[in-house]
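Student: Please find one structure pasted underneath; my questions will follow.
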Amino acid sequence: MLKISNLQVAYGGIEAVKGIDLEVPEGKIVTLIGANGAGKSTTLRAIVNLVKSKAGSITYNGEELLGLDTTKVVDKGITLVPEGRHVFPDLTVLENLKIGAYMRKDNLDADIKHIYSLFPRLEERSWQAAGTLSGGEQQMLAVGRAMMSRPKLLMMDEPSLGLAPLVVQGIFDIIETLNKEGMTILLIEQNANMALRVADYAYVLETGKITKAGTGRELLADESIKEAYLGKSQRNK
Amino acid sequence: MNETQNSLGAYLKLHWKTAVFLVVLLIGIGLADIFVDSYMRRLLNLCAIYVIVSLAMNLVNGFTGQFSLGQAGFMAIGAYTVAIFTVPVESRTAIFYLEPMAPFLANIQLPFVVALILGGLASVVVAFFIGSPCLRLRGDYLAIATLGFSEIIRIVFTNTQSITNGALGIKSIPTISSLWWTYGTALLIIIATILLVYSSYGRAFKSIREDEIAAEAMGVGLFKTKMTSFLIGAFFTGIGGGLFAALLGTVDPKQFYFTLTYNFLLIIVLGGMGSISGTIIASFLVTLGQEALRFLDEPMAFGLDLPIFRPGLRMVVFSFLLMIIVLFYRKGLMGTNELTWDFMAQKFQSIKKKLSRKKTSTEGGGK
Ligand SMILES: Nc1ncnc2c1ncn2[C@@H]1O[C@H](COP(=O)(O)OP(=O)(O)O)[C@@H](O)[C@H]1O
Ligand SMILES: [Mg+2]
């Protein structure tokens, strides 16, 4: 579905992504794990063209995405849940959801109902300003908002960041539910433990390069991964 | 939520209070138009023009979060367009006595409405050229560019003698005195703004104000959307300027100093950045308030010769009052709320509760 080859991205002189290859097959959950500053977010931003790529290619169902406006990429069915949630704080929960459907011109009622059934807490807070929600609720809203564009590929940037373990579990449950409903998911995490458990396939990114790849189960059993990521995964803030 | 109203009856049932309010408002304007004296008429007209320009400014600054300070400049464009195209051809030689009007303009006279709309469109064209480079960048470039533009346009108008009559200004513009021109236009623009703000375009405006990164990730085209808001704002402001020229009957470059923009900035901050009703309320408060405090500028206030009462004191006191208001209402009078029926009912309830609590506490704990 999504195929990245030799992608390079630089911020001025700093090379953040140094030629990576990555593939996301339709209907799967693929995860990209790595430490802080490895270039995970940069990779996602490059896919939706929020940053310019220096070289390489990103194809989506065979179509080149590189150089396409973000609007066009979203229109093709790829939506990003940005790192740190980025809900619209002064707008209500409902307005946030509606902006998620900005590219669509059809009726939204069924989608809103569906999202409220997945996240009943959002329905209770429909008229509340999004900035007043708790961190977990904001993450739910960010996911719900992204779903409003009916993405075929949903990309999430560290959805567990700064959330209590129980809330994280809830978010990962939702990720699996969405995947069962047919959505393809590219998940970025520092919380490698959780991510590798749900992922069909996983990549490890270290300072802009992919150093390991395999099924979630394989990496979960890998000694060097255990040492580098799993041991301290609980210590991440 | 948005039920589809397929009949006028159902619509009225849902919005009868608003409908009644509109009717009362129209009757009020009609009565005022018949009965008020010329001083009050001018003041009320000015209020409506301030509503128009402030609303346009709030659309760009409050709803879209783009800091534009070009109001005086866009008003000048609208005002001069109306002035140039509506002054009767016969009186033009008398007005342009230093240097005759350029021949390609000298014989063109347009109906007021046409000139008014032309002024709005001229503002749009200029706004496009300012916005094209500035709205692509993040940060305060727009504020600096629009501020610069405001000053430049004034200097340009001072020096294009054969078109704008330079520093002498243009007099004998056919005036409008009926309240219907200004209030009719204001009403149209208010309705247009409400419809816009609650459409998906309006949501896109607000999303940019709130978080550009997230807005872009949702597929909102940042440049296109900011530009749309900026151009609509410029159009309304140009119209406001045209009405301003026709109200005063004369334009000259000195009317369009930056201090004019400062008035609108005051209004939107006071009323609430991102509140339509707040803007309307504040427009009246500021316009009428500045007038009410005019006695402070006169040395002979209260029949005494008080040395502190001199020109300028009015603005000092006025600014002071504003500071107090902003201290207590951090986000302006309305914040991003609207004065809807629900909002008023809520406020009324909370005031009632507060009063009754006070009552019980004084009854209970009265020493
Ligand atoms: N806007 C930016 N400007 C300059 N450097 C950046 C920017 N964003 C990220 N970087 C740098 O790029 C590298 C990768 O960052 P990022 O993709 O955010 O990592 P991750 O998401 O894996 O934590 C880091 O060294 C970071 O400092
Ligand atoms: Mg990151």
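The values are calculated or read from the model by the stated rules, or taken from the named source; none is laboratory data. Note that the structure is a prediction, hence the values are computed from the model and not measured. In this analysis, Cβ positions are derived from the backbone assuming ideal geometry, glycine residues included, and neighbour counts consider all displayed protein chains. When the accessible area is computed, the model is the full protein with side chains, heavy atoms only, and any ligands, DNA or RNA have been set aside. Shrake-Rupley method; radii C 1.70, N 1.55, O 1.52, S 1.80 Å.
Student: May I ask you to evaluate 6.51 cos²θ - 1.76 cosθ + 1.60, the Karplus curve with θ = phi - 60°, for each residue of segment A:169-178 and list the ³J(HN,Hα) values in order in whole Hz, giving x for glycine and proline?
Tutor: Coupling constants for segment A:169-178: 4, x, 4, 5, 4, 4, 4, 5, 4, 4 Hz.
Student: Is there a quick way to get the dipole size of chain A? I mean about its Cα centre, with the Cβ of Lys and Arg at +1 and of Asp and Glu at -1; what is the value in debye to the nearest 20?
Tutor: On the way: 28 positive and 29 negative charges, 55 e Å.
The calculated dipole for chain A is roughly 260 debye.
Student: Using Cα springs under 10 Å in a Gaussian network model of chain B, which residue among B:LEU168, B:LEU142, B:LEU118 shows the largest mean-square fluctuation?
Tutor: The residue with the greatest mean-square fluctuation here is B:LEU168.
Student: Taking both sides together, what accessible area is buried at the B/A interface, probe 1.4 Å, expressed in Å² and rounded to the nearest 100?
Tutor: On the way: alone 19630 and 11260 Å², together 28900 Å².
It comes to approximately 2000 Å² buried between B and A.
Student: How do the peptides B:72-78, B:344-350, B:52-58, A:203-209 rank, highest first, by the average count of neighbouring beta carbon atoms within 10 Å per residue? Spell out each step's value before the answer.
Tutor: On the way: B:72-78: 31.6, B:344-350: 10.7, B:52-58: 29.0, A:203-209: 19.6.
Descending mean neighbour count gives B:72-78, B:52-58, A:203-209, B:344-350.
Student: Whose amide H sits under 5 Å from the amide H of A:LYS54, counting only residues 5 or more places off or on another chain, with H placed in the peptide plane?
Tutor: Residues meeting the amide H criterion: A:GLN8, A:VAL9, A:ALA10.
Student: Tell me which of B:LEU121, B:LEU196, B:MET101 sits at the most positive position along the dipole axis of chain B, charges placed on C-beta atoms (Lys, Arg +1; Asp, Glu -1).
Tutor: My answer, from the dipole projection, is B:LEU196.
Student: Separation between the B:ARG136 and B:ARG330 pseudo-spin-labels, each 7 Å from Cα along Cα→Cβ, expressed in nm?
Tutor: Here the answer is 3.8 nm between the modelled labels.
Student: Then there's this: Springs between alpha-carbon atoms under 10 Å, Gaussian network over chain B: tell me which of B:PHE104, B:PHE295, B:PHE67 tops the mean-square fluctuations.
Tutor: Taking springs between Cα atoms under 10 Å, the residue moving most is B:PHE104.
Student: Cα to Cα, under 26 Å, and not fewer than 8 places away if on the same chain: which lysines meet these conditions relative to B:LYS352?
Tutor: Straight-line reach from B:LYS352, under 26 Å: B:LYS17, B:LYS331, B:LYS367.
Student: A further question on this structure: In terms of modelled amide H atoms, which long-range or inter-chain residues lie less than 5 Å from the amide H of A:GLU83?
Tutor: Those lying under 5 Å, H to H, from A:GLU83 are A:ASP157.
Student: Here's another thing I want to ask about it. Any idea which of A:ALA195, A:LEU80, A:LEU7 is furthest toward the positive side of the dipole for segment A:2-230, if Lys and Arg beta-carbons carry +1 and Asp and Glu beta-carbons -1?
Tutor: Result: A:LEU7.
Student: From the residues A:GLN128, B:GLY219, A:LEU65, which one has its Cα farthest along the dipole of the protein assembly as shown in the positive direction, the dipole being from +1 and -1 charges on Cβ of Lys/Arg and Asp/Glu about the Cα centre?
Tutor: With unit charges placed on the Cβ atoms, the residue in question is A:GLN128.
Student: Just to confirm the filter: which chymotrypsin sites (Phe, Trp or Tyr not before Pro) across segment A:101-161 are DSSP coil and have at most 16 other Cβ within 10 angstrom of their Cβ?
Tutor: Values: sites: A:TYR102, A:TYR116, A:TRP127; in loops: A:TYR102, A:TRP127.
Here the sparse-neighbourhood loop sites are A:TRP127.
Student: While we're looking at this one, here's another question. Need one value for A:47-54: mean number of C-beta atoms belonging to other chains within 10 Å of its residues' C-beta atoms. Walk me through the numbers on the way to the answer.
Tutor: Working: counts 0, 3, 1, 3, 0, 0, 0, 0.
Average per residue, whole number: 1.
Student: Could you tell me what percent of the accessible area of segment A:48-196 is made up of carbon and sulfur, with a 1.4 Å probe and every protein chain present? Walk me through the numbers on the way to the answer.
Tutor: Values: 3030 of 5820 Å².
Taking all protein chains in place, segment A:48-196 shows 52 percent carbon and sulfur surface.
Student: Enumerate the lysines that A:LYS209 could reach by cross-link, defined here as Cα to Cα under 29 Å, with residues fewer than 8 away along the same chain left out.
Tutor: Counting by Cα, and skipping residues close in sequence, A:LYS209 has these lysines nearby: A:LYS3, A:LYS18, A:LYS28, A:LYS40, A:LYS52, A:LYS54, A:LYS72, A:LYS76, A:LYS152, A:LYS226, A:LYS232, A:LYS237.
Student: Taking chain A as a Gaussian network, where each spring joins two C-alpha atoms under 10 Å apart, which residue of A:ILE14, A:ILE29, A:ILE175 fluctuates the most?
Tutor: Among A:ILE14, A:ILE29, A:ILE175, the largest GNM mean-square fluctuation belongs to A:ILE14.
Student: At a probe radius of 1.4 Å, what is the per-residue accessible area of B:ARG294, in Å² to the nearest 10?
Tutor: Here the residue's solvent-accessible area equals roughly 100 Å².
Student: So what's the gap between the Cα centers of segment A:133-186 and segment A:6-48, to the nearest angstrom?
Tutor: Here the answer is 19 Å between Cα centres.
Student: Here is a follow-up. Across 10 Å bins from 0, what is the distribution of all Cα-Cα pair distances for the protein assembly as shown, in whole percents?
Tutor: 3, 14, 21, 20, 16, 13, 9, 4, 1, 0
Student: So, one more: For the protein assembly as shown, report the accessible area per residue in Å² (1.4 Å probe, heavy atoms, rounded to an integer). Each step should come with its number before you reach the end.
Tutor: Working: 28900 Å² over 604 residues.
I get 48 Å² per residue for this part.
Student: What are the ³J(HN,Hα) couplings of segment A:214-230, residue after residue, when phi is run through the Karplus curve with 6.51, -1.76, 1.60 and θ = phi - 60°? Round to Hz, x for glycine and proline.
Tutor: Per-residue couplings from phi come out as x, 6, x, 4, 4, 5, 4, 8, 5, 4, 5, 5, 3, 5, 7, 10, 6 Hz.
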